[in-house]
Each structure stands twice: as structure tokens, then as C-alpha cells.
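Participant: Can you read through this structure? Questions will come right after.
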Amino acid sequence: MTRQQISLNPATDEVVATFPVHTEDQVREIVAHARYASIWWKQQGFHGRRRALLNWKRYLAGHNAELVDLLHRENGKPRPDAGLELLLAIEHIDWNARHAGKVLRSRRRNPGLLLANFSARVDHVAFGVVGVIGPWNYPIFTPNGSIATALAAGNTVVFKPSEYTPAVAQWYVNAFADANPEAPTGILSLITGDGETGAALCRSGVDKIAFTGSAATGRKVMSACAEVMVPVVMELGGKDAAIVAADADIAAAADAIAFGAMGNSGQTCVGIERVYVERAVRDQFLDKLRGVLADVRPGTGIGASYGPMTMPSQIPVVRRHVEDAVASGGETVIGDIGDIGERFIAPIVILDPGHESAAIQEETFGPTLTVTTVTSLSEAVDLANDVRFGLGGAVFSRRRAREVVERLDTSQVSVNSVLGFAGMARLPLGGRGESGFGRIHGPEGLLEFTRTRAVATQRFPVPGVHLLSFRRAPWIDRLLPHLIRLLHAR
Ligand code: NDP
């Protein structure tokens, strides 16, 4: 009998939907079908794919209330946040649909002096079938960053969502088929299950895996893919810092940081988890933050700022981080350990915890924030960089933002704001270190889902030269040492 997976509303434990746990054989079958469909999808060219992707985005936009409601029920986030997530995802589909042709078109290259009788060209060729493994925190926006890009680049996609958000994923996948009734099945397919299903996808014959999730699972995915030589793009966790300079607009910084830290219950890979603030403005910053957070509360009804923790097993992690931060010398200046409930966690801010504490060094993924006092921006950058992650970050300053941006060891930075880079479909997103590698979003994302093909075409033979032949004339061999010196010794 097929094993079943139940998805629950994290605020109420009400059953949202039930799904099969696909077996390894079923996953292989779905991937084989996606490979068959990829022939049709490739044949559509950029123009046909653009039409299909725009049909899909119109469908998502037209039915947004349904999907927003499902997102709210299955993930727990407030409806307005679900709406914002969907809007951003739709923007990405739109951008990819409209720009894939331009970014990925074949381009001529100069063949160089030695082979001047050739023409040279680079093509960007779709892989075939891309497997996308996604998390639950932004169950549409995050996987969509890989899915929309991989589809626009000419691949078919098999999507394995988190076991916490399969209903949202099914709705999103079905929407593609409903918006494109003339397309064969298998352009965008869903597989459901748990970690084993994700592992089966790695071994199923896909041509590339785009993984978004934790570094621990990312390692497992990488080793499974290494066995079968399948390339991967890894979008992993973060420990983003915001740096607040003495010359910043402190009220604006507090407002943005409060949202970046607590929004989505802190369950955001590029959420702000740490602040480094110059001593001269530290107290002013804390006062403003206190003012903003006074109105921020978790819940389910209208007016709730964010929802429950989607994954119950994350709650003990948040508790451990707060306890460890306090044990290391930190002081809870907003909220305290008592704010960690069974489903909801109210904002907690800890001042000056030890640099080696878990709250500074590990991803917390909850509505908590550390604030560390620094004596200079240089110290702030050194501390911000001294973690294993390198996803995003933010700097608040009127005049010194550029020098901070240049020294921050992350792949994305927002200046006088938070999260801005994730909302722009034109900008790439990715990590370094424990935050992963490879890029999704923007032109770099489109390139990530293709392999390059270099084409060198001999346009005419050069009489008597035959450089790439056993018929090469002896005088050329004698000339070679002189040629090397002439071309490269000066
Ligand atoms: P996990 O790493 O726990 O899971 C991610 C996905 O991998 C899920 O679909 C999961 O399935 C699946 N999976 C689990 N085990 C395996 C396995 N052995 N082989 C293949 N797939 C497997 O992450 P979460 O879902 O908890 O997501 C939160 C994490 O995602 C955080 O670290 C967050 O920072 C990161 N993230 C990164 C982003 C980025 O762009 N860099 C964006 C958003 C989130 P199942 O759930 O069914 O077990």
C-alpha cells in the first residue's frame, strides 16, 4: 500500500491535505516522463516557452486569492505576507519568460589569430530535466526561483516540495497545466514525500538538482548527486547581519531590521539574525527597535504580524539559542525565554551575547535578534564576517555604506534596507561557504540552468598550413618557437 503524508495547518493542526509518499520507482517514472516532455518543451523555443510561462503567471495572478489562502493555511503566514510572496514569485516568472531568449541566445566569439580561418560561437543548451528540492518557509517564492528559471531556459522540471507544504506546491504545479491545456503533461511535475523522496530524485536520472534547504541536508544531496555525477546548485541557510553606522537614519534602520528579523516568524534564509551597531547610537537604536516591536505580535487573525513556527522541531532550536546567548553574557532587552510558546514565538532581542554563542554562529530561524555593540565599522565587519555562512546582509549608513559593502563577505547586500535584492528578478541570488554555491534569479540564474556548447567552424582551409593535422608542414613546426616568443614573450 502507498504510504501517505499528511500536511497540517501549523496554527491549528487541522489536516490541510494528504499526499502519497512516492517510491523510488515512481520518482524514476515521473522523471522519465519529464524527459519525454522535454523534447516538446525544447521545440517550443524561447518564444513558445515565453507564451506558456506568461499564461501560467496570468493564471496565478488571476487565482491569487485561492493560492494565498492555501499558503496561509498550510504554512501559517498571514494572508498579506502570502500575497507578497506570490507577487514576488509572479514577478520572477514574468522576468524569466521575457528575458530568457535575450540572455541565452547564441553569441559569436572572436576566434583569435591562430585560428583566424574559423568562426566561433557559444550556445547555452538546456540540460533536459532539472530536479528542484524546496523548503517550506517560502514554499512558492523559493522553489520558484529555480523552477521558473529552469523552465525558461528550456528544461522540464520535477519538483519535490517540503513535506510541510505539499498542497501549496500541488496547486502551483497544477496551475501550469491548467494555464497551458495544449501542453503535454510532464513539463512541470510534482513528487511528494519526505527526505527519502528527495534522495530518490537525486538518483533518478535528472540532469541537475537545484536544492534549497539547510546546509546539513545540502551535504546529503551533494553526496547523493556525486555518486551519479549530477551537478547541483545549493541555496542554503544564512546568518545575515545588519550593520548600523553612527551616521545612519536610526529610526529607519530599526524599522527595517525589525521586519527583516521577525517577518515570517524569522524563518527567512536572508532574514536579519544579527545586528552590529556603533556604540554612539546603540541606545537610540534599541529605543527605536523597542518602539517598532511593541506593535509586532505573532498570531493567526487579522493584525497578526507573523504566524506560527511552521516546523515544530525548530522551536527547541530557538530556545537553545536564546538560552545559550544569555549564558554567554547576553541580556534579553526585548522579550525573553517565556515568549517561546508551543506554536508562536514573540520577538526576542538579546544584547551583546558571546561571539561564540549559538545565537551568533548558527542559523536560528526564529523571531529573535542579537544586537552587538561595536566601537567601529571595521570591528562590525570583522564580526559580521566571522561565521560559516555568507548569504546576505544589510548596511545602514548615510555616507559609509560603500566601504562596508566592499568588505562584507556575503553574496547579497541591501543598503539602507533589508531583503531588497531578493525582490528583484534581475539580481542573482546565492551564497558562499555554508550558504551554498551557484546562482538562481536573474541572468546568472538562467545560465546556471544551461550548459555551454562551444562551436568552432572552419570557414576555409589556409593553403599549406593545416595547423590541426598530421599534414602540418615542417616549416610551421620550425616557426613555432619563434611564434611563441613573438606572441607572448614580450
Ligand atoms: P531541509 O534541509 O530540512 O529540507 C529541504 C528539502 O530537502 C525538503 O524538501 C526536504 O524534504 C528535502 N530533504 C530532506 N532530506 C533529504 C535528502 N536526504 N535528500 C534529498 N532531499 C532531502 O530545509 P527546510 O525545509 O527546513 O528549509 C529551511 C532551510 O532552508 C533553512 O536553512 C533556510 O535558511 C534554507 N533556505 C535557503 C534559501 C536560499 O535561497 N539560500 C531560501 C529559503 C530557505 P522534507 O521536508 O520532506 O524532509
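The values are calculated or read from the model by the stated rules, or taken from the named source; none is laboratory data. All figures in this text were calculated on a predicted structure; none of them were measured in a lab. Glycine also receives a Cβ, built like all others from the backbone with ideal geometry; neighbour counts cover every protein chain displayed. In case anyone asks, the SASA skips ligands and DNA or RNA and just uses the protein heavy atoms, side chains included. Shrake-Rupley method; radii C 1.70, N 1.55, O 1.52, S 1.80 Å.
Participant: Within region 140-162, how many residues turn out to be crowded, with 24+ Cβ neighbours inside 10 Å, within 13 Å of the ligand (Cβ to nearest atom) and not β-branched (Val, Ile, Thr)?
Facilitator: 8
Participant: Of all residues in region 163-191, count the ones that are farther than 17 Å from ASN64 by Cα, open to solvent by 20 Å² or more (accessible area, probe 1.4 Å) and among the polar types (S, T, N, Q).
Facilitator: Count: 1.
Participant: Let me ask something else about it. Restricting region 224-234 to residues that are open to solvent by less than 10 Å² (accessible area, probe 1.4 Å) and part of a strand (DSSP E or B), which is nearest to the ligand (Cβ to nearest atom)?
Facilitator: MET234
Participant: Determine whether PHE396 is aromatic (Phe, Trp, Tyr) and in contact with an Asp or Glu (Cβ under 8 Å, 6 or more places away or on another chain).
Facilitator: Judged against the criteria, PHE396 is a match.
Participant: Is it the case that region 413-423 has a residue that's in a helix (DSSP H, G or I), touching a helix residue (DSSP H, G or I) at 6+ places or on another chain (Cβ under 8 Å), within 16 Å of the ligand (Cβ to nearest atom) and under 23 Å from ALA261 (Cα atoms)?
Facilitator: Yes, because at least one residue in region 413-423 is in a helix (DSSP H, G or I), touching a helix residue (DSSP H, G or I) at 6+ places or on another chain (Cβ under 8 Å), within 16 Å of the ligand (Cβ to nearest atom) and under 23 Å from ALA261 (Cα atoms).
Participant: In addition: Does region 199-218 hold any residues that are outside any helix (DSSP H, G or I), touching a helix residue (DSSP H, G or I) at 6+ places or on another chain (Cβ under 9 Å) and near the ligand (Cβ under 8 Å from one of its atoms), and which are they?
Facilitator: Once the filter is applied, which keeps residues that are outside any helix (DSSP H, G or I), touching a helix residue (DSSP H, G or I) at 6+ places or on another chain (Cβ under 9 Å) and near the ligand (Cβ under 8 Å from one of its atoms), region 199-218 yields PHE211, THR212, GLY213.
Participant: Check whether at least one residue in region 431-446 is farther than 21 Å from ILE147 by Cα and open to solvent by 90 Å² or more (accessible area, probe 1.4 Å), and report yes or no.
Facilitator: no
Participant: Can you pull out the residues in region 320-348 that are among the β-branched types (Val, Ile, Thr) and either surrounded by 16 or more Cβ atoms within 10 Å (Cβ to Cβ) or over 25 Å from ASP13 (Cα atoms) (or both)?
Facilitator: Passing the criteria: VAL322, VAL326, THR332, VAL333, ILE334, ILE340, ILE345, ILE348.
Participant: A further question on this structure: Any idea which residue in region 62-77 is least open to solvent (accessible area, probe 1.4 Å), counting only those that are free of Cβ contacts under 8 Å to residues at least 24 places away in the same chain and of a type in the set (A, V, I, L, M, F, W, C)?
Facilitator: Among residues in region 62-77 that are free of Cβ contacts under 8 Å to residues at least 24 places away in the same chain and of a type in the set (A, V, I, L, M, F, W, C), the one least open to solvent (accessible area, probe 1.4 Å) is VAL68.
For (1) in contact (Cβ under 8 Å) with a residue 60 or more places away in the chain; (2) acidic (Asp, Glu), each residue gets a yes or a no:
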| site | (1), (2) |
| --- | --- |
| LEU383 | yes, no |
| PHE396 | yes, no |
| VAL405 | no, no |
| SER411 | no, no |
| LEU419 | yes, no |
| GLU434 | yes, yes |
| PHE437 | yes, no |
| ILE440 | yes, no |
| GLY445 | yes, no |
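Participant: For region 424-444, give me each residue that is over 18 Å from ALA241 (Cβ atoms) and either within 11 Å of the ligand (Cβ to nearest atom) or within 10 Å of the chain's Cα centre (by Cα) (or both).
Facilitator: Within region 424-444, PRO428, PHE437, GLY438, ARG439, ILE440, HIS441 qualify.
Participant: Please return the ranges of helices (runs of 4 or more DSSP H) entirely within region 74-190 where 3 or more residues are over 27 Å from GLN43 (Cα atoms) and in the same structural domain as PRO20 (by TED's automatic domain parsing).
Facilitator: The helices (runs of 4 or more DSSP H) meeting that bar are 79-104, 166-179.
Participant: Which of the residues that make up region 14-31 are farther than 16 Å from GLY198 by Cβ and surrounded by 15 or more Cβ atoms within 10 Å (Cβ to Cβ)?
Facilitator: If the condition is that a residue be farther than 16 Å from GLY198 by Cβ and surrounded by 15 or more Cβ atoms within 10 Å (Cβ to Cβ), then VAL16, ALA17 are the ones that fit.
Participant: Whether any residue in region 413-426 is modelled with pLDDT under 95, among the hydroxyl-bearing types (Ser, Thr, Tyr) and either over 26 Å from HIS124 (Cβ atoms) or assigned by TED's automatic domain parsing to the domain that holds LEU104 (or both) is what I want to check.
Facilitator: Scanning region 413-426, I find no residue that is modelled with pLDDT under 95, among the hydroxyl-bearing types (Ser, Thr, Tyr) and either over 26 Å from HIS124 (Cβ atoms) or assigned by TED's automatic domain parsing to the domain that holds LEU104 (or both), so the answer is no.
Participant: State which residue is nearest to the ligand (Cβ to nearest atom) when the search covers only region 379-404 and only residues that are in a helix (DSSP H, G or I) and open to solvent by 50 Å² or more (accessible area, probe 1.4 Å).
Facilitator: It comes out as ASP382.
Participant: Would you mind stating whether GLY186 is in contact (Cβ under 8 Å) with a residue 12 or more places away in the chain, in contact with a His (Cβ under 6 Å, 6 or more places away or on another chain) and away from the ligand (no atom under 14 Å from the Cβ)?
Facilitator: Taking the combined requirement at face value, the residue satisfies it.
Participant: Please tell me if GLY134 is near the ligand (Cβ under 8 Å from one of its atoms) and buried (at least 24 other Cβ atoms within 10 Å of the Cβ).
Facilitator: Yes; evaluated as a whole, the condition is true for this residue.
Participant: So, one more: For region 245-258, does any single residue satisfy the condition of being under 30 Å from ILE133 (Cβ atoms), of a type in the set (A, V, I, L, M) and open to solvent by less than 10 Å² (accessible area, probe 1.4 Å)?
Facilitator: Scanning region 245-258 turns up no residue that is under 30 Å from ILE133 (Cβ atoms), of a type in the set (A, V, I, L, M) and open to solvent by less than 10 Å² (accessible area, probe 1.4 Å).
Participant: With VAL317, VAL221 as the choices, which residue is surrounded by fewer than 20 Cβ atoms within 10 Å (Cβ to Cβ) and within 16 Å of the ligand (Cβ to nearest atom)?
Facilitator: Answer to the check: VAL317.
Participant: Taking strands (runs of 3 or more DSSP E) that do not extend beyond region 263-378, which have at least 3 residues that are of a type in the set (S, T, N, Q)?
Facilitator: 368-374
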